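Remarks on the structure that follows.
The values are calculated or read from the model by the stated rules, or taken from the named source; none is laboratory data. Not measured: the values here are computed from a predicted model. Virtual Cβ from ideal backbone geometry, glycine too; neighbours counted across all protein chains shown. Calculation scope for accessible area: heavy atoms of the full protein, side chains included, ligands and nucleic acids excluded. Shrake-Rupley method; radii C 1.70, N 1.55, O 1.52, S 1.80 Å.
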Amino acid sequence: MLDLEVVPERSLGHEQWEFALGMPLAQAISILQKHCRIIKNVQVLYSEQMPLSHDLILNLTQDGMKLLFDACNQRLKVIEVYDLSKVKLKYCGVHFNTQAIAPTIEQIDQSFGATHPGVYNAAEQLFHLNFRGLSFSFQLDSWNEAPKYEPNFAHGLASLQIPHGATVKRMYIYTGNNLQDTKAPVMPLACFLGNVYAECVDVLKNGAGPLGLRLRILTAGCGPGVMADAKVRAVERNIYFGDSCQDVLSALGSPHKVFYKSEDKMKIHSPSPHKQVPSKCNDYFFNYFTLGVDILFDSTTHLVKKFVLHTNFPGHYNFNIYHRCDFKIPLVIKKEAADAQWEDCILTTYSKWDQIQELLGHPMEKPVVLHRSSSANNTNPFGSTFCFGLQRMIFEVMQNNHIASVTLYGAPRPSSRVRAEASAH
């Protein structure tokens, strides 16, 4: 049985780890994977058709807990303990819920002190006792007790008291004063762990197509021993097609992984007559998992030739490999009106494929069907995705009409050496 420390408005933690509000989804899953011998039977709950309408939930069934992540930014928003019999809980090092200590209203009052009067919810048959960043829900003993504690009964004064001996049914940890209005906080300093994260990614474009990326990057600290005065810093970095490996490393730092392409499965769709000739060198990716971005370099010139932006929607084969890339792609659309005016529009991570087609038009060719699978078992429980090409962009579309990834490609700029040689002539 887990023995956890409750920190209102911040975290629920163990001696070796903690689930902190604002923590990225991938970090919470990493904790669960690392301690899989202790924390077992974890469910991932999400809406397959409307993933942005409902929170993404990690349900720790063996420990009676749920971790609720914001559907858009995928940071931890609420920690819910829905079965207190499966876990030990303490506050400031003193237990208030164990097999020997029942979490009654008297015990909660002794451990946490005074707060505002409890609020009765007739629909749930529960009393809610709220502290800042922490709420307890109490179950009434019988249906007969309910009318006595209605908020409107006895001019509302009866709602001031919770019946003696009532025990906690659920506990919630969140940010602010109101559980219903709470939002996932910004990522805590302790969650950076030496990584950089993308607050937003703007696609730089001209009339011909994409030129590169502008990344607003968040970072904290610069080495060991700086956490005491560390602050989150935001910096902007631009990466363009035709930039060298050194350019990218200088702007973004080392990638989490370098991946060499063993084969190009899309080569067969190329009009080039040399598509069947094997190349002597392999193109390679810089994988920046916490940015949600891949950068492909040409094996011969070592210059950027493609960008891949990942949306990290649940129900996709690559879910949880990348953090969500919150990108914006500016478009200038010609109106159909007689005066033929132009309108500025923006595609985002959350745009659906039918909305994109309304702005960019329908692709002339049928989509390429992409079926990902591992070499180990050759199975993909999520099904195929469909790739459509429009304006030097490839949109990978999931079966629920959401975008799984966007690949940007374009003519690379001349390198600085080539530009210098051209100017010399």
Determine whether N59 is in contact with a Lys or Arg (Cβ under 8 Å, 6 or more places away or on another chain), more than 16 Å from P8 (Cα to Cα) and not in a strand (DSSP E or B).
-> no
Just checking, which of Y317, Y350 is closer than 18 Å to L25 by Cβ, open to solvent by 20 Å² or more (accessible area, probe 1.4 Å), among the hydroxyl-bearing types (S, T, Y) and at pLDDT below 95?
-> Y317
The one condition in (1) modelled with pLDDT of 90 or more; (2) of a type outside the set (A, V, I, L, M); (3) exposed (fewer than 14 other Cβ atoms within 10 Å of the Cβ) that N121 fails to fulfil = (1)
Filtered residues of the stretch 368-390 (kept if surrounded by 15 or more Cβ atoms within 10 Å (Cβ to Cβ) and more than 25 Å from the chain's Cα centre (by Cα)) = V368, G389, L390
Restricting the first residue to the stretch 73-91 and requiring it to be under 17 Å from N178 (Cα atoms), which pairs with a second residue that is buried (at least 20 other Cβ atoms within 10 Å of the Cβ) and of a type in the set (V, I, T) meet a Cβ separation below 6 Å and a spacing of at least six or different chains?
-> I79/I173
What residue, of D63, D70, is open to solvent by less than 60 Å² (accessible area, probe 1.4 Å), in contact (Cβ under 8 Å) with a residue 40 or more places away in the chain and more than 17 Å from the chain's Cα centre (by Cα)?
-> D63
Failed item in (1) part of a loop (DSSP other than H, G, I, E, B); (2) without any contact (Cβ under 8 Å) to a residue 12 or more places away in the chain, with N320 passing the rest | (2)
For the stretch 9-45, what are the residues that are open to solvent by 30 Å² or more (accessible area, probe 1.4 Å), of a type in the set (V, I, T) and part of a loop (DSSP other than H, G, I, E, B)?
-> I38
